[in-house]
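Peer 1: Please read through the structure below; I'll follow up with questions.
The values are calculated or read from the model by the stated rules, or taken from the named source; none is laboratory data. All values derive from a computational prediction rather than experimental measurement. Every residue, glycine among them, receives a Cβ derived from its backbone with ideal geometry; neighbour counts consider all protein chains shown.
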Amino acid sequence: MIAQRQVWGETLVELGASDDRIVVVDGDLANSTKADLFAAAHPERFVEVGIAEQNMVGIAFGLSTLGYRPWLSTFGVFLTHRALDPIRMLVSQTGAAVRIAGAYSGLLNGRSGKTHQDVADLAIMRTMPGMTVLAPADEHEMRAAVRWAADHDGPLYLRIARDAVAPVFDIDTTWEDWAPRMLRDGGDITVVSTGVQTSRCVDAVRLLADRGIDARHIHVPMLKPLDEDRLAGLLGERVVTVEEHTMIGGLGGLVAEIVAARRSTQTVTRLGLADGWSESGPDAFLLDKYGLSASRIADRIVGVHSRPVGTPGV
Amino acid sequence: MTHHTASAEELEALARHARWLVLSTVADAGAGHIGGPLSQMDLLLALYFNHLRIDPSDPHRDDRDRFVLSKGHTAIGLYTVLALRGYFDPAELATFDHGDSRLQGHPDMRMLPGIDASTGSLGQGLSVAVGMALGARLQQRDFHTWVLLGDGEIEEGMVWEAAYAASRYGLDNVTAIVDRNGLQQYGWPAGASDRFDRRDPWAGKDVGAIFRGFGWDVIDIDGHDHAEIDRALETACGARGSAGRPTVILAETVKGKGVSFTEGTYRWHNGIATADQLAAARAELGQPETVGVAR
Ligand SMILES: Cc1ncc(C[n+]2csc(CCOP(=O)(O)OP(=O)(O)O)c2C)c(N)n1
Ligand SMILES: [Mg+2]
C-alpha cells in the first residue's frame, strides 16, 4: 500500500522528465504533499512561494498564460477555501490549465484536526464552471489520474488522501473514460462511493455480504464532468452514497440531484459527515467516531436496508 | 488578577520543564510540532508568568489581557504553559491529539478555557487581535492584546492587511510578537548567510523596516534572553494609551531551542522523538524520570 500523495509526487517526477509544461507551485508544504520529490528531480520547474495560498493561485495562472500546466501544492483546504476567489476568477472563469492538488483531503490529516480537514472540497469545486473534479479510489487510480491530467486542457481539481488505503484497482490501471464504474453487482442495495472511501466501501460491501445483503457497488472517480445518464442507469431501487466529505453537496448531493431531476422513484440515503465540525485524532478513531470505517458503514447500510422500500432517505 | 512574578531562575526551570513536556507529549501522541513550540517557549513563559493580567481560575474575565496564538500549529507549546500556569492539570497534556480531547491539534476557543481565539490557518491572528484592540477602545477598556506570529506565517498577505489596519487606527493597545526562529516548514535551500539548514524566510529583507513602513514601532530582541524579553514586553505594554501606534517585537530565536538535536533543523518543524532521543533530551533538560507524559 502506497499513499496517494506519494504516488502523486512520483508520477509528477516521471511526467516532468519529458513534459516541460509541468511546473509545481508550492506553499511551504512540499515535504508533506510530496512535491519535494518534484523539487529534487526538476528544481528549475519547482516554484516555492511560501505561505501565501492566494498568491500561489495567481502565480500559477500567470504561468499558465505562457503555456505551463502548473500543479498547486498545499493542504487542499487552503486552496478550496482560502484561495477560492482567485480560483474562481483566475482559473475557473478563464478555463486556465491550472491543476489544484487537494492534498490531505477529507477527515484524515495526521491529527491536525478540523482547521485542516477539507470535507467540502467536492461540493465547492463542482460548483466551479469548467472545473474537472477527480477523486481516485486508491494509489493506482491516482497514478492514472495524474497521467491523464497531463494532456487535459482546462482547470482540474484532484482529491488526494494523506494516508494509504487498501488498493481497489490493478497497478496498470488506465481508464478510457472516467465514468462511474461498477465494482460489484448486487440486487439488494446500491452503494455509490468516491475517493478513498471507495476502498473502505469495498470492505463494507464484503461485510454486508456476510450479513446476507447483496450490494451493488459503484465508484465515481470523476464527479465532474459526469455522464449522469450512465450513473442513473446503474442505480437500483435503494441507493446509499458514501463519502469522506460533508453529506451536503458532494457525491450524495450530486446523486440526489440526478435522481430528483429525473423524478425517479429511488430513495437516496447520503452517508458522509454530519453537518458539524470534527476534531484531531488518529485515523481509526475518526473513521469510527464519524461513521466512515468499513464496519460503521456496513452497520449504517444495514439500518437503511432494514427499512421498507420507499422509506425516505436522509 | 495579580501580576505573577517569576524570577529569571524560575523561568529557566519552567522552560526546561515545559520543553520536555512538549517533546514527550508529542512523542506520546504520535503527531505534533516541535520546533516552533520550543522556539517560542521563553516568550510565552514571560507573558504568562510575568506580564499578562489574567486569572487562571477565571479564564473568561472581561478585563483580562488577551493572547492570540496566530501560529496555531504550535498549540502544544501554549497548552504546556497554560497547564504550568494553572489553567488545567498538566496530566491532561497526555490527551493531546488523541481524540475526544480539549487539546486539539490547533487551539480551539470553544473547547479550552484560556484560549482567546481559535487559530490554525496561518495569517489570521493579527486581524483578530486588531479587532479585539478596536473593541477594547470602543468599550473604553484597559486590557492589552498580544499576538504571536511565526516568521514563515508573516508571508501571508492577510498579516499585512492587518498591519495596515492597526496603524490606520493608531492602536497602541495591541502588540505583535514575531518568533524569528529563522525557519518555516519547507521553504528554500539555505544560502551562505543563513543561520540554519534552510533559508531564513526573510533573508535579504528587512522585517523591521517593513513594519516601520506600515507605521509600527519596532523592538528587536533576543527571544531567549529573559531580561531583554522582559524589557520589551514592558515597553510595548507601557505604550498603551500614549503611543498612538502599534508595536511589534521581533524576537530572534532558535527553532527547536533547548534540545541539541532539534535546534536549527527544519525537519524538526514537527516530528516524533525516538526512545533514545527522548532519553537524551530528558538528560539535557535535566528532567527526572517522574516528569512527563505517562500513559
Ligand atoms: C494558511 C496555512 N497555510 C499552511 C499551513 C501549514 N503550515 C503549518 S506550520 C507552517 C510553517 C510555519 O512556519 P512559521 O510561521 O515560521 O512557524 P514556526 O517556525 O514557528 O513553526 C505551515 C506552512 C497552515 N497551517 N496554514
Ligand atoms: Mg519560523
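Peer 1: Identify all residues within the range A:173-201 that are more than 25 Å from residue A:120 (Cβ to Cβ) and either in contact (Cβ under 8 Å) with a residue 60 or more places away in the chain or not charged (D, E, K, R) (or both); write none if there are none.
Peer 2: A:173, A:174, A:175, A:182, A:183, A:186, A:187, A:188, A:189
Peer 1: Further question on the same structure: If you take the residues of the range A:1-29 that are buried (at least 24 other Cβ atoms within 10 Å of the Cβ) and among the small types (Gly, Ala, Ser), which of them is nearest to the chain's Cα centre (by Cα)?
Peer 2: Ranking the candidates gives A:9 first.
Peer 1: Tell me the residue from A:161, A:144, A:123, A:137 that is in contact (Cβ under 8 Å) with a residue 60 or more places away in the chain, part of a helix (DSSP H, G or I) and more than 14 Å from chain B (Cβ to nearest Cβ), please.
Peer 2: Exactly one residue qualifies, and that residue is A:123.
Peer 1: Cβ-Cβ below 6 Å, separation at least six or inter-chain, first residue in the range A:257-282 and within 14 Å of another protein chain (Cβ to nearest Cβ), second in a strand (DSSP E or B) and surrounded by 19 or more Cβ atoms within 10 Å (Cβ to Cβ): which pairs?
Peer 2: Close Cβ pairs (under 6 Å, with a partner that is in a strand (DSSP E or B) and surrounded by 19 or more Cβ atoms within 10 Å (Cβ to Cβ)) do not exist here.
Peer 1: State all residues of the range B:121-132 that are crowded, with 24+ Cβ neighbours inside 10 Å and either at the interface with chain A (Cβ under 8 Å from one of its Cβ atoms) or modelled with pLDDT under 95 (or both); if no residue qualifies, say none.
Peer 2: B:122, B:123
Peer 1: Now for a separate question. Counting just the residues of the range B:143-171 that are outside any helix (DSSP H, G or I) and surrounded by fewer than 23 Cβ atoms within 10 Å (Cβ to Cβ), which one comes out nearest to the other protein chains (Cβ to nearest Cβ)?
Peer 2: B:169
Peer 1: So if I check each of B:227, B:279, B:239, B:273, which one is away from every other protein chain (no Cβ under 14 Å) and either of a type in the set (Ser, Thr, Tyr) or closer than 18 Å to residue B:35 by Cβ (or both)?
Peer 2: On the way: B:227 fails: either of a type in the set (Ser, Thr, Tyr) or closer than 18 Å to residue B:35 by Cβ (or both); B:279 fails: either of a type in the set (Ser, Thr, Tyr) or closer than 18 Å to residue B:35 by Cβ (or both); B:239 fails: either of a type in the set (Ser, Thr, Tyr) or closer than 18 Å to residue B:35 by Cβ (or both).
That would be B:273, the only listed residue that is away from every other protein chain (no Cβ under 14 Å) and either of a type in the set (Ser, Thr, Tyr) or closer than 18 Å to residue B:35 by Cβ (or both).
Peer 1: Since residue A:105 meets every condition but one in (1) away from ligand 1 (no atom under 13 Å from the Cβ); (2) among the small types (Gly, Ala, Ser); (3) surrounded by fewer than 24 Cβ atoms within 10 Å (Cβ to Cβ), which condition does it not meet?
Peer 2: Every listed condition holds for residue A:105 apart from (3).
Peer 1: Also, I was wondering about something else. Among the strands (runs of 3 or more DSSP E) contained in the range A:1-109, which hold 2 or more residues that are away from chain B (no Cβ under 14 Å) and of a type in the set (Gly, Ala, Ser)? Give the steps one after another, and end with the answer.
Peer 2: Values: elements: A:22-26, A:46-48, A:69-75, A:99-103.
Fully inside the range A:1-109 and qualifying: A:99-103.
Peer 1: Only one of (1) within 11 Å of chain A (Cβ to nearest Cβ); (2) surrounded by 19 or more Cβ atoms within 10 Å (Cβ to Cβ); (3) among the hydrophobic types (A, V, I, L, M, F, W, C) fails for residue B:188. Which number is that?
Peer 2: (2)
Peer 1: Which residues, counting only those in the range B:14-31, are out of contact with any helix residue (DSSP H, G or I) (no Cβ under 8 Å at 6 or more places or on another chain) and either part of a helix (DSSP H, G or I) or not hydrophobic (A, V, I, L, M, F, W, C) (or both)?
Peer 2: B:16, B:29, B:30
Peer 1: Among the candidates B:186, B:169, single out the residue that is more than 16 Å from ligand 1 (Cβ to nearest atom) and in contact with a Leu (Cβ under 8 Å, 6 or more places away or on another chain).
Peer 2: B:169
Peer 1: Checking residue B:97 against (1) modelled with pLDDT of 95 or more; (2) within 14 Å of chain A (Cβ to nearest Cβ); (3) surrounded by 24 or more Cβ atoms within 10 Å (Cβ to Cβ), only one condition comes out false. Which one?
Peer 2: Of everything listed in (1) modelled with pLDDT of 95 or more; (2) within 14 Å of chain A (Cβ to nearest Cβ); (3) surrounded by 24 or more Cβ atoms within 10 Å (Cβ to Cβ), residue B:97 misses just condition (1).
Peer 1: Does residue B:176 meet the test of being assigned to a helix (DSSP H, G or I) and hydrophobic (A, V, I, L, M, F, W, C)?
Peer 2: In short, no.
Peer 1: Taking only pairs six or more apart or across chains, which ones have beta-carbon atoms under 7 Å, a first residue in the range B:70-81 that is hydroxyl-bearing (Ser, Thr, Tyr), and a second residue that is within 13 Å of ligand 2 (Cβ to nearest atom)?
Peer 2: Pairs that qualify, where the first residue is hydroxyl-bearing (Ser, Thr, Tyr) and the partner is within 13 Å of ligand 2 (Cβ to nearest atom), are B:70/B:148; B:70/B:149; B:70/B:153; B:74/B:33; B:74/B:36; B:74/B:37; B:74/B:40.
Peer 1: In the set B:283, B:227, B:279, B:243, which member is under 30 Å from residue B:134 (Cβ atoms) and either away from ligand 2 (no atom under 16 Å from the Cβ) or not β-branched (Val, Ile, Thr) (or both)?
Peer 2: Residue meeting the stated conditions: B:243.
Peer 1: Do we find that residue A:97 is hydrophobic (A, V, I, L, M, F, W, C) and within 19 Å of residue A:74 (Cα to Cα) in this structure? Before you say what the answer is, go through the steps one by one.
Peer 2: On the way: hydrophobic (A, V, I, L, M, F, W, C): yes; within 19 Å of residue A:74 (Cα to Cα): yes.
Here the answer is yes, as residue A:97 does meet what is asked.
Peer 1: State whether the residues of the range A:218-241 include one that is among the polar types (S, T, N, Q) and under 13 Å from the mean Cα position of the chain (by Cα).
Peer 2: no
Peer 1: For the range B:245-266, give me the residue count where each residue is of a type outside the set (Asp, Glu) and away from ligand 1 (no atom under 12 Å from the Cβ).
Peer 2: 10
Peer 1: Might you check whether a residue that is within 30 Å of residue B:61 (Cβ to Cβ), within 15 Å of ligand 1 (Cβ to nearest atom) and assigned to a strand (DSSP E or B) occurs anywhere in the range B:189-199?
Peer 2: Checked the range B:189-199: no residue is within 30 Å of residue B:61 (Cβ to Cβ), within 15 Å of ligand 1 (Cβ to nearest atom) and assigned to a strand (DSSP E or B).
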